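A short write-up of the structure that comes next.
The values are calculated or read from the model by the stated rules, or taken from the named source; none is laboratory data. This is a predicted model, so every value here is computed, not measured. Here the Cβ positions follow ideal geometry from the backbone for every residue, glycine too, while neighbour counts run over all protein chains shown.
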Amino acid sequence: MRKRKEVIRIGNASGYWGDDPGALKRQVESGPLDYITMDFLAEITMSILQKQYQKDSSLGYARDFIPMLEEVLPKLLKNGTKLITNAGGINPEACCKKIEELAQKMGLNPKIAVVSGDNILPVMNELYPEKCSFKNMETGESFENVFDKLACANVYYGAAPVVEALKKWDPDIIITGRVTDTGITVAPMIYEFGWSLIEWDKIASGVVAGHLLECGSQATGGNFSDWKKVKNFHAIGYPIAEVSSDGTFILTKHEGTGGLVSLDTVREQLFYEMGNPEAYITPDVIADFSTIQAEEVGLNRVRIFGVRGFAPTKQYKISMAYEGGFKTVGSIIVSGPEAREKAKKFSEIFWERQEESFEETITEYLGWNACQASLGGGQEACEILLRLGARDFDEEKLRRFAKSIPALILSGPPGVAVAGGTSRPQVIVNYWPALMDKNLVYPEIKLLGEKESWEKVTSTEEGNFELSFSSKTQVAEKPTNSLKETLDFLAKGSLHPISRIALGRSGDKGDSSNIGVLARTPKAYKFLKEILTAQVVKNLFAEICFGKVTRYTLDNLSGLNFILEESLGGGGSMTLRSDAQGKTFAQALLRQKIYIPKEILEEIIL
């Protein structure tokens with residue numbers, strides 16, 4: 001019988017495809033770890049990998065992972081640190097075989113397990129329409145017009161198949177396809193501590209740990225509102241969860257690495273892409289983020305406890321992508337003096353010349369208001385990158401559009417520089433989320449080289465959870481005041497930026513952005529709850545957000561979570577915007593100057 005551990009250390013070394021290539025080496029060499037997880041996959045990543053696979057059946061995985069592994073494989077095996085990653089993408093078995101080739105060259109023989117079965121694109125004809133409607137879970141749109149354009153379709157699996165692979169073979173490395181970033185973190189806990197798959201509170205706490213680990217250094221000082229408190233960004237430490245058998249854990253990082261782990265860096269990451277805090281839905285459990293308790297227990301050590309969880313839904317989320325036309329964006333550099341006025345004149349000249357119409361167009365003034373629109377404050381700029389874009393189904397029309405951008409430079413105001421050559425139209429891959437009953441598909445596991453047959457794995461038990469809004473929720477459908485009127489409403493005396501009393505973090509989910517606002521003190525939180533309503537945020541972001549704004553309150557974390565629907569220009573590869581993921585939205589909100597009572601300001605220590 002396997003000896004149970006009381007504490008395990010799980011580190012993360014990648015938050016996305018393109019993350020710091022040195023992070024894995026730092027995690028391996030800076031201190032002991034039982035497990036390392038690496039997340040490479042996002043919706044757009046899957047479609048890119050699918051295209052690579054269609055061109056070459058030996059591809060379809062995150063190839064960047066292999067050179068990272070090469071640097072550390074001998075030490076990983078020597079230390080007994082297990083590596084779990086979804087770098088397998090569309091083709092996890094090919095990724096495993098590449099690792100096997102690498103290991104043989106190095107004289108090593110790691111046990112490598114594969115988790116697959118998430119790619120349902122080859123069997124869509126069997127599933128649709130008889131067994132599943134695949135209607136868009138966000139918009140309710142019919143799947144009929146999308147079916148023939150599909151580029152990829154993948155099931156979000158959870159921890160269950162990874163747990164089974166660990167139990168069956170105790171492998172050194174597990175390569176998965178579309179297993180959730182939280183799933184690859186929770187699996188070692190279930191395996192090491194002997195949890196059942198229905199211990200909802202423990203698994204929910206594991207999901208919270210996975211949520212904190214999944215984005216790499218975002219939990220250890222990266223993207224932190226109080227970035228000046230991070231004394232060293234060099235060789236930034238990636239997060240580590242020291243998990244106890246009861247599910248509680250301490251978030252930390254290796255000693256001697258850069259970055260910072262504090263209550264505030266942790267709170268910010270908890271709010272990232274949170275959605276409804278009372279129902280953070282995963283294939284393994286529904287975690288209630290409103291029950292999270294957090295406290296600093298030492299330098300670079302934050303303890304998380306008290307998390308509640310509930311049985312998951314009876315359905316898997318399916319991430320699909322389909323080709324939806326083309327887009328192109330070109331730019332010119334406009335210098336001062338009067339850069340803003342010149343850039344506006346150039347844009348007028350350009351659009352007056354266009355004789356064709358497009359599905360969507362965009363004009364952005366990078367250096368003035370491209371990311372935050374009028375919330376940027378409108379200050380004068382020394383130089384502006386004038387960004388002009390269009391989206392359409394006619395590729396040739398967009399080629400003509402792109403060629404007309406460089407033609408601007410000699411036919412307008414002076415002081416213009418070229419910003420690259422003529423842009424090329426890019427294929428748009430649109431995101432399509434849907435739901436499917438869990439009994440229609442099963443993950444599969446295999447040990448590379450030992451068994452050629454795959455073994456199906458049953459999922460976790462399901463409950464009858466129904467999503468509902470609590471009394472703490474506010475919704476604003478339409479703006480009620482102009483930006484000026486809203487700012488006047490917020491300004492009733494001596495003005496200070498919201499950042500004086502709050503931190504913020506924003507991110508994306510499809511065409512929606514979330515903004516987390518975290519108060520610095522209890523008094524500041526009470527004040528922000530009263531003044532920063534869903535309607536106020538809707539009014540402020542009316543130029544950017546065309547859907548409703550929903551506000552959730554989390555008293556346990558002294559924070560407000562806003563979901564801004566239809567705020568990212570379609571999201572994914574469809575958007576023409578510079579800030580495709582709403583990463584700058586929190587900063588836009590924090591920079592707004594409002595009246596803040598003196599007694600609240602006096603409590604703040606920056």
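Looking only at residues in region 81-135 that are more than 27 Å from Asn145 (Cβ to Cβ) and among the polar types (S, T, N, Q), the one that is surrounded by the most Cβ atoms within 10 Å (Cβ to Cβ) is Asn86.
When the residues of region 234-261 are filtered to those that are crowded, with 21+ Cβ neighbours inside 10 Å and small (Gly, Ala, Ser), the one that is nearest to Gly309 (Cα to Cα) is Gly247. Flag set for Leu83, criterion: outside any loop (DSSP other than H, G, I, E, B), closer than 20 Å to Lys167 by Cα and either in contact with a helix residue (DSSP H, G or I) (Cβ under 8 Å, 6 or more places away or on another chain) or hydroxyl-bearing (Ser, Thr, Tyr) (or both). The residues listed here are Glu360, Glu380, Glu364, Glu356; of these, the one that is touching a residue at least 40 places away in the same chain (Cβ under 8 Å), charged (D, E, K, R) and farther than 25 Å from Lys403 by Cβ is Glu380.
Do we have Asp264 as touching a residue at least 12 places away in the same chain (Cβ under 8 Å) and in a loop (DSSP other than H, G, I, E, B) here?
no
From the residues in region 526-564 that are in contact with a Phe, Trp or Tyr (Cβ under 8 Å, 6 or more places away or on another chain) and within 22 Å of Thr361 (Cα to Cα), which one is modelled with the lowest pLDDT? Ranking the candidates gives Ile544 first. For region 381-390, the count of residues that are among the β-branched types (Val, Ile, Thr) and surrounded by fewer than 18 Cβ atoms within 10 Å (Cβ to Cβ) is zero.
Scan region 226-252 residue by residue and report those that are of a type in the set (A, V, I, L, M) and over 19 Å from Lys25 (Cα atoms).
Hits for region 226-252 are Val230, Val243, Ile250, Leu251.
Taken together, the residues in region 411-432 that are more than 30 Å from Asn145 (Cβ to Cβ) and assigned to a loop (DSSP other than H, G, I, E, B) amount to 9. Screening Trp368 on (1) crowded, with 18+ Cβ neighbours inside 10 Å; (2) of a type in the set (Phe, Trp, Tyr); (3) in a helix (DSSP H, G or I) shows it passes everything except condition (3). Among residues that are hydrophobic (A, V, I, L, M, F, W, C), closer than 16 Å to Cys371 by Cα and assigned to a helix (DSSP H, G or I), Ala524 is not included. Taken over region 52-80, residues that are outside any loop (DSSP other than H, G, I, E, B), under 26 Å from the mean Cα position of the chain (by Cα) and among the aliphatic types (A, V, I, L, M) amount to 3.
Quick one: in region 280-309, of everything that is assigned to a loop (DSSP other than H, G, I, E, B) and not aliphatic (A, V, I, L, M), which residue is surrounded by the fewest Cβ atoms within 10 Å (Cβ to Cβ)? That would be Gly306. Considering Leu102, Leu83, which residue is assigned by TED's automatic domain parsing to the domain that holds Pro239 and over 27 Å from the mean Cα position of the chain (by Cα)? When all the criteria are applied, what remains is Leu102.
Do you know which residues across region 1-47 are part of a strand (DSSP E or B) and of a type outside the set (Gly, Ala, Ser)? Across region 1-47, the qualifying residues are Val7, Ile8, Arg9, Ile10, Asn12, Tyr35, Ile36, Thr37, Met38. Can you name the residue in region 546-561 that is assigned to a loop (DSSP other than H, G, I, E, B) and in contact (Cβ under 8 Å) with a residue 24 or more places away in the chain and is also nearest to Gly306 (Cα to Cα) among such residues? Here the residue is Ser558. Scanning region 296-323 for residues that are in contact (Cβ under 8 Å) with a residue 24 or more places away in the chain and out of contact with any helix residue (DSSP H, G or I) (no Cβ under 7 Å at 6 or more places or on another chain) turns up Val297, Asn300, Arg301, Arg303, Phe305, Pro312, Thr313, Lys317, Ile318, Met320.
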